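Okay, structure first, notes after.
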Amino acid sequence: MRAIAGKEDASLIILAGGESRRMGRAKPLIDTPSGTLLEHIVRRLGMIFSETLVVGRSQMPIPVGTRFVRDRYPVRSPLVGIEAGLSAAAHDRCFVMGCDMPFAEPALVRHLVAAAHGVEAVIPVVRGYDEPLFAVYRREVLPLIQRAIAAGELKVGAVCAQLHAARIEEEELRRFDPELRSFTNLNTPRDLLALRRL
């Protein structure tokens, strides 16, 4: 697939297969001032990418212009969602993020995608920790991920440790997102208050 004019030749993969236990309801379908949380993210970032995939364990309402991809392994792990997304993606560069990150800064996302040359992944580092669920992966890492899942290794971090990855430190991240709001997750009903305030 060629890039659409004005968009990156890259795929946006939104992971929407979590159980949302602490939230108590499905995160992708939470109402926000601009539609569901999933619609909000697609509206915020979709204009960057030539395609947008929503990955989950079961079909759900998805925004117009996106494509639903079902997990291909019967185990619960974000790594399974990444595998399904990379398998279905039309582009080599894939930006992967959780569906509970409503403050993703488009300029930062563009920067991360642009940095994915000559490496297998681009992984932000915040407060000394990798952020593998707000990162760019090239489709070439798919066999490694599939081998890890087959071996029962379901931790995304363990797989990322094996990748030739560019790690982007906070100083560089803050050039595009001074308060690092992009890395805010909505996990509980209380967290929704922050979304409504902002």
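The values are calculated or read from the model by the stated rules, or taken from the named source; none is laboratory data. Note that the structure is predicted; figures quoted are calculated from it, not measured. Quick reminder, even Gly has a Cβ in these numbers, built from the backbone with ideal geometry, and neighbours come from all protein chains shown.
Looking at (1) modelled with pLDDT of 70 or more; (2) at positive phi, find the lone condition where G24 falls short. The one condition G24 does not meet is (1).
In this structure, P61 does not satisfy being closer than 16 Å to Q146 by Cβ, surrounded by fewer than 15 Cβ atoms within 10 Å (Cβ to Cβ) and not aromatic (F, W, Y).
One line per residue, one yes/no per condition, for (1) part of a helix (DSSP H, G or I); (2) farther than 22 Å from K7 by Cα; (3) modelled with pLDDT of 95 or more; (4) out of contact with any Pro (no Cβ under 8 Å at 6 or more places or on another chain):
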{"residue": "P61", "(1), (2), (3), (4)": "no, yes, no, yes"}
{"residue": "G65", "(1), (2), (3), (4)": "no, no, no, yes"}
{"residue": "V69", "(1), (2), (3), (4)": "no, no, yes, yes"}
{"residue": "V80", "(1), (2), (3), (4)": "yes, yes, yes, yes"}
{"residue": "A84", "(1), (2), (3), (4)": "yes, yes, yes, yes"}
{"residue": "H117", "(1), (2), (3), (4)": "no, no, no, yes"}
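In the range 65-74, the condition of being surrounded by 15 or more Cβ atoms within 10 Å (Cβ to Cβ), among the basic types (K, R) and in contact with a helix residue (DSSP H, G or I) (Cβ under 7 Å, 6 or more places away or on another chain) is met by no residue. Scanning the range 145-178 for residues that are of a type in the set (A, V, I, L, M, F, W, C), surrounded by 14 or more Cβ atoms within 10 Å (Cβ to Cβ) and out of contact with any strand residue (DSSP E or B) (no Cβ under 7 Å at 6 or more places or on another chain) yields a total of 7.
L108 - would you say it is at pLDDT 95 or above, touching an Asp or Glu at 6+ places or on another chain (Cβ under 7 Å), closer than 16 Å to S182 by Cβ and in a helix (DSSP H, G or I)? Yes; evaluated as a whole, the condition is true for this residue.
Just to check your reading of the model, which residue among L163, L144 is in a loop (DSSP other than H, G, I, E, B), of a type outside the set (F, W, Y) and modelled with pLDDT of 95 or more?
Values: L144 fails: in a loop (DSSP other than H, G, I, E, B).
Unique residue meeting the criteria: L163.
For the range 36-50, the criterion of being closer than 25 Å to L154 by Cβ, part of a loop (DSSP other than H, G, I, E, B) and within 15 Å of the chain's Cα centre (by Cα) is met by none of the residues. Within the range 119-143, if we keep just the residues that are touching a residue at least 12 places away in the same chain (Cβ under 8 Å) and surrounded by fewer than 15 Cβ atoms within 10 Å (Cβ to Cβ), the residue that is nearest to K7 (Cα to Cα) turns out to be E140.
Of the residues that sit in the range 179-190 and are outside any loop (DSSP other than H, G, I, E, B) and surrounded by fewer than 17 Cβ atoms within 10 Å (Cβ to Cβ), which one is modelled with the highest pLDDT? Working first, answer last.
First, the residues of the range 179-190 that are outside any loop (DSSP other than H, G, I, E, B): 181-183, 189-190.
Pick out the ones that are also surrounded by fewer than 17 Cβ atoms within 10 Å (Cβ to Cβ) and you get 181, 189-190.
On the way: R181: 93, P189: 61, R190: 68.
Among them, the one singled out is R181.
Of all the criteria given as (1) of a type in the set (D, E, K, R); (2) modelled with pLDDT under 95; (3) over 23 Å from L186 (Cα atoms), the one not satisfied by E39 is (3).
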